[in-house]
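Notes to accompany the following structure.
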Amino acid sequence: GDSKFLILDEPFTNLDPRNAENVVSFLTTKSNRDTILLISNEDNLKNLITNRRHVVKRGGISQVEIVG
């Protein structure tokens, strides 16, 4: 059957801002996935995604920050 888990690594590469927002909109409103792991360095889109985890690296140590 179909997996309810989706992994997207840098899905916004080479997309203009409008289409990147369209991808986020689709994922947050029309996707039938229970869990989406989206890896991105696009800071300008982070506020469009609720219930996210932000991973930051400080002094060589990665830390997870819960946001939303």
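Would you point out the residue of the stretch 54-68, among those that are of a type in the set (G, A, S) and loosely packed, with under 10 Cβ neighbours inside 10 Å, that is nearest to D2 (Cα to Cα)?
Per the stated criteria, the residue is S62.
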**Request:** Note down all Cβ pairs under 9 Å where the first residue falls in the stretch 1-21 and is at pLDDT 90 or above and in a loop (DSSP other than H, G, I, E, B), the second is among the hydrophobic types (A, V, I, L, M, F, W, C) and open to solvent by 90 Å² or more (accessible area, probe 1.4 Å), and they're at least six residues apart or on different chains.
**Result:** none
**Asked** Considering only residues of the stretch 22-53 that are over 23 Å from K4 (Cβ atoms) and free of Cβ contacts under 8 Å to residues at least 24 places away in the same chain, which is surrounded by the most Cβ atoms within 10 Å (Cβ to Cβ)?
**Response** K46
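Consider the stretch 26-68. How many of its residues are assigned to a helix (DSSP H, G or I) and modelled with pLDDT of 80 or more? Working first, answer last.
Filtering the stretch 26-68 for residues assigned to a helix (DSSP H, G or I) gives 26-29, 43-48.
Checking which are modelled with pLDDT of 80 or more leaves us with 26-29.
Total meeting the criteria: 4.
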**Which numbered condition L8 misses (of (1) of a type outside the set (S, T, N, Q); (2) open to solvent by 50 Å² or more (accessible area, probe 1.4 Å); (3) farther than 17 Å from V67 by Cβ)** = (2)
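The values are calculated or read from the model by the stated rules, or taken from the named source; none is laboratory data. No experiment lies behind these values; they were computed from the predicted model shown. Positions of Cβ are generated from backbone atoms using ideal geometry, with glycine treated the same way; all protein chains shown enter the neighbour counts. What goes into the accessible areas is simple: the full protein's heavy atoms, side chains included, and nothing from ligands, DNA or RNA. Shrake-Rupley method; radii C 1.70, N 1.55, O 1.52, S 1.80 Å.
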